[in-house]
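What follows is a set of notes on a single structure, which appears directly below.
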Amino acid sequence: MTTTSFTKKTLGLETAEPAVTPPLAAPNTTFAKKPKLPVRKSKKRDIPEGLWTKCPKCATMVFDKELDENLKVCTQCQHHFPIGARERIHSLVETCTFEEMDAEMTSVDVLSFTGVAAYTAKLEDYQKTTGLKDAVITGIGKIGEHRAGLGVMDFSFLGGSMGSVVGEKLTRLIEKATEKTLPLIIISTSGGARMYEGMFSLMQMAKTCAALAYHAQARLPYVSVLTHPTTAGVMASYASVGDLIVAEPGAMIGFAGPRVIKDTTQAELPPGFQTAEFLLDHGLIDAIVPRKEMKPRLIEYLSYLGDGQR
Ligand SMILES: [Zn+2]
């Protein structure tokens, strides 16, 4: 109050502002300073709840209901959209035969990890938005005539990253399958090990593979299904050690990303590098199976491998 009345009296010829703000010399510096205010917007991706989805491959607008009925495969170009773990299990097992295991297992923030957001906050957030407890669902179900251990990963939960829960749930599944002499199917999709759990997530690579070695010792078949994308720690462990390794069309499969490889090797990468089709040509995988044919093909494989076992 007092300042305003003071300015009014003494600087009657000028505007009220200069008495408060510094004189003419200053403006340049203040102007120069002003632009550097990079407000970091929090990365939030809103998926519009529309009725149509644009196919990223052929740009056709596909009716969502049609897409769901077609197991999230584009009706025009057969592009495989990501599909949730529950939806996939539903498409594979016989109705009401799936007994889920360790459904309530959740991760603990051992490292008190804080990055852009705290790990615990991220976990809570993803659990709320996806309705999942972690990035994998495991259990035993019937596929055709065959009872089998089934582990299905979900990319929508923290990029399908493998932390201690993913590793532990899969290990328990493998051990259960070994104990009950059941074949095993793991459907992978993952960006790799979960960095929020540091060393603990890396240890899952050895743990799952050790359990798989016992499963193999019991002469039980393991079919690994690779879906878009399966990379890094998951590809470098249980996903790549199946008796049969099959992939969905167009899936990106590899360890490090193509840009990293290109920078490291300083070499031009061949076209189609790290796609399922490329890896089939080079012998890393055994077959490419479209999603809609997955169930009959898995039944076929299990029958064949089961007969071999007998
Ligand atoms: Zn399409």
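The values are calculated or read from the model by the stated rules, or taken from the named source; none is laboratory data. These figures come from a predicted structure and were not determined experimentally. For neighbour counting, all protein chains shown are included, and Cβ atoms are generated from backbone atoms with ideal geometry for every residue, glycine included. What goes into the accessible areas is simple: the full protein's heavy atoms, side chains included, and nothing from ligands, DNA or RNA. Shrake-Rupley method; radii C 1.70, N 1.55, O 1.52, S 1.80 Å.
Odds and ends about this structure:
- Where GluC sites (Glu not before Pro) fall in DSSP loop in the stretch 146-180, at most 10 other Cβ within 10 Å: none
- Dimensionless Rg ratio for the stretch 161-234, taking C-alpha atoms and the 2.2 N^0.38 Å reference: 1.08
- Per-pair calculated FRET efficiency, R0 = 30 Å: Thr129 and Val108 via Cβ, rounded to 0.05: 0.90
- Residues with amide H under 5 Å from that of Met162, placed H, sequence gap 5 or more: Gly192, Ala193, Arg194
- Stretching Met61 away from Met203 to a fully extended chain increases their span by 46.8 nm, per 0.36 nm per residue minus the current alpha-carbon distance.
- Computed E for Thr181/Glu293 - FRET, C-beta separation, R0 35 angstrom, nearest 0.05: 0.80
- Under the criterion of Cα pairs below 8 Å and six or more residues apart, the relative contact order for the stretch 151-310 equals 20 percent.
- Long-range amide H partners of Val289 with built H, under 5 Å: Ala247, Glu248
- Cα-based Kirkwood hydrodynamic radius, the stretch 161-310, one decimal, Å: 16.0
- The stretch 133-198-the stretch 63-96 distance, computed between alpha-carbon centres (Å): 19
- Sorting 106-114, 275-283, 240-248, 159-167 by their mean Cβ neighbour count within 10 Å, with the most densely packed peptide first, gives 159-167, 240-248, 275-283, 106-114.
- Using heavy atoms of the protein chains and a probe of 1.4 Å, the accessible area assigned to Met105 is about 40 Å².
- Distant-in-sequence amide H partners of Ile187 (H built 1.01 Å from N, under 5 Å): Gly151, Val152, Met153, Val225
- Length gained when the stretch Arg219-Val260 is fully extended (0.36 nm per residue, less Cα-Cα span): 11.0 nm
- Where labels lie 7 Å past Cα in the beta-carbon direction, separation of Glu300 and Met101 in nm: 2.8
- Taking a ≥ b ≥ c as the square roots of the eigenvalues of the Cα gyration tensor, the stretch 211-275 is prolate, since a/c reaches 1.5 or more and a/b is larger than b/c.
- In a DSSP loop and with at most 12 other Cβ atoms within 10 Å, the trypsin sites (Lys or Arg not before Pro) in the stretch 202-290 are Arg219.
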